[in-house]
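Step one of this worksheet: look at the structure below.
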Amino acid sequence: MLRLIACALLTAVALSPASAQETTIRIGLARSLSNGAELIAIERGYFKEVGIKVELEEIESSANVIAFLAQNRFQIVAGGISAGYFNATEKNLPVKIVADRVSTPVLHNLVVRPELKDQLKRVRDLKGKVLSSNGPGSVSTYEIGKILESDGLTINDVELKIIPFPQQALAFTNKAIDGAIVIPPFRYQITEGNIAVPFAEADDIIAPRPMALAVIMVNTEWAAKNTELVRNYFTAWLRGVRDYCNAYHGGSSRQAVVDVLTKSGTERREEMLHKYPWPARSPNGRVSVESMLDMQRWYVKNKLANVELPADRLVDNSFVDFAAQKLGPFTPDKADSPLQGCR
């Protein structure tokens, strides 16, 4: 189900006097700490400076809204790379990946019910268990499959249930599932309450790296008719990405990004945002093509997608390359940060 992201800063943008002259872009966002990039770009007026008003709607999974993107009901969608994306591209639907959203370290974990912790000594012990992915053919399904394959199992060796991230805590409490892939902030909410415990870290197991598990997709027909608008959007967006990356490293924008994440309801407990690490991303917005092609191979092998398509059919980095060239090189405020991502 879609819902408007409840955020005072979005309302302020919508009601601004200049909004009548601004071009509206409708964006579907899967809930993630990485949304801090879009939110801080709104808060700081980066989109407004280039005559853009954004309307954000929360989506459960990008896999559920590929059709909406193809129909131009959304101009942009941000979420995981699903099998549905590759199937849509095979059918020549007007959708394309154009930017990175989350890449190594992604901080996704396969968590399990606490009472199973002592029974599960290795990944192979998950055979026959009930695991949850957040959408049919979603990137979480790929992650579960890759983790299982690391110890000789396949996705067919478990029972897979589709449960959106916000509903997984209840599913664990009711013992409807034994394990699930969780992402920040859901990972911290679930583990902090001992609803589930960490079992297998995606960053340690899944290759190739950097992983490109979540991306930005556009409607290509809309983009072709509005090239200057799209370039302006991604230049403003990349400014927000770099603010997020500085915050990731504990730099000058840290508190501002924390504030927009709590105001938006992405994670209402500010202390959690200070306590736990955040997922990383590329400060230049480029998608890891090797990782994306590995996902495509996995989806085809597991009969979730039909054919393997070449990289140029699947990704277009030209908009973020334009933005990165315009903004120049990125150096974190805290150049001595020991964190690996966002560089």
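The values are calculated or read from the model by the stated rules, or taken from the named source; none is laboratory data. The model shown is predicted, which means the values in this text are computed figures rather than measured ones. So basically every Cβ, Gly included, is an ideal-geometry build from the backbone, and we count neighbours across all protein chains shown.
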Original post:
Is there a residue being surrounded by fewer than 19 Cβ atoms within 10 Å (Cβ to Cβ) and closer than 26 Å to R242 by Cβ anywhere in segment 66-83?
Top reply: no
**OP:** Taking the options V307, V320, V287, V315, name whichever one is touching a residue at least 40 places away in the same chain (Cβ under 8 Å), surrounded by fewer than 18 Cβ atoms within 10 Å (Cβ to Cβ) and assigned by TED's automatic domain parsing to the domain that holds Y248.
**Re:** V307
Original post:
Which ones in segment 211-230 are modelled with pLDDT of 95 or more and more than 16 Å from I27 (Cβ to Cβ)?
Top reply: E221, A224, K225, T227, E228
**OP:** Check N284 against each of (1) over 17 Å from the mean Cα position of the chain (by Cα); (2) of a type outside the set (V, I, T); (3) part of a loop (DSSP other than H, G, I, E, B) and name the one condition it does not meet.
**Re:** (1)
Original post:
Given R281, R187, which one is outside the structural domain of G80 (by TED's automatic domain parsing) and touching a strand residue (DSSP E or B) at 6+ places or on another chain (Cβ under 6 Å)?
Top reply: R187
**OP:** Go through segment 67-95 and count every residue that is more than 20 Å from S140 (Cα to Cα) and not β-branched (V, I, T).
**Re:** 13
**OP:** Check segment 117-127 and report whether any residue there is out of contact with any helix residue (DSSP H, G or I) (no Cβ under 8 Å at 6 or more places or on another chain), under 21 Å from K146 (Cα atoms) and of a type in the set (A, V, I, L, M).
**Re:** no
Original post:
Which of (1) farther than 27 Å from G84 by Cβ; (2) crowded, with 23+ Cβ neighbours inside 10 Å; (3) over 20 Å from the mean Cα position of the chain (by Cα); (4) of a type outside the set (D, E) is the odd one out, the single condition G250 does not satisfy?
Top reply: (2)
Original post:
Does segment 140-175 hold any residues that are aromatic (F, W, Y) and either over 20 Å from I190 (Cα atoms) or out of contact with any helix residue (DSSP H, G or I) (no Cβ under 8 Å at 6 or more places or on another chain) (or both), and which are they?
Top reply: Y142
Original post:
Quick one: is K96 surrounded by fewer than 23 Cβ atoms within 10 Å (Cβ to Cβ) and modelled with pLDDT under 95?
Top reply: no
**OP:** Filter segment 106-153 down to the residues that are within 18 Å of the chain's Cα centre (by Cα) and assigned to a loop (DSSP other than H, G, I, E, B), then identify the one that is surrounded by the fewest Cβ atoms within 10 Å (Cβ to Cβ).
**Re:** P136
Original post:
K91 passes all but one of (1) basic (K, R); (2) under 27 Å from G250 (Cβ atoms); (3) surrounded by fewer than 24 Cβ atoms within 10 Å (Cβ to Cβ); which number fails?
Top reply: (2)
Subject >> Subset of segment 113-137 [among the polar types (S, T, N, Q) and within 21 Å of Y299 (Cα to Cα)] >> reply: S132, S133, N134
Original post:
Which one of G79, G137 is in contact with a helix residue (DSSP H, G or I) (Cβ under 8 Å, 6 or more places away or on another chain) and within 23 Å of F319 (Cβ to Cβ)?
Top reply: G79
**OP:** Take the residues in segment 315-330 that are under 23 Å from the mean Cα position of the chain (by Cα) and not in a helix (DSSP H, G or I), then tell me which one is nearest to C245 (Cα to Cα).
**Re:** F330
Original post:
D333: among the acidic types (D, E), closer than 17 Å to A37 by Cβ and part of a helix (DSSP H, G or I), yes or no?
Top reply: no
**OP:** Output the qualifying pairs, or none if there are none: Cβ atoms under 8 angstrom, residues six or more apart or on different chains, first residue in segment 135-155 and farther than 25 Å from A30 by Cα, second residue small (G, A, S).
**Re:** T154/G145
**OP:** Would you check which residues across segment 68-82 are of a type outside the set (V, I, T) and modelled with pLDDT of 95 or more and list them?
**Re:** F68, L69, A70, Q71, N72, R73, F74, Q75, A78
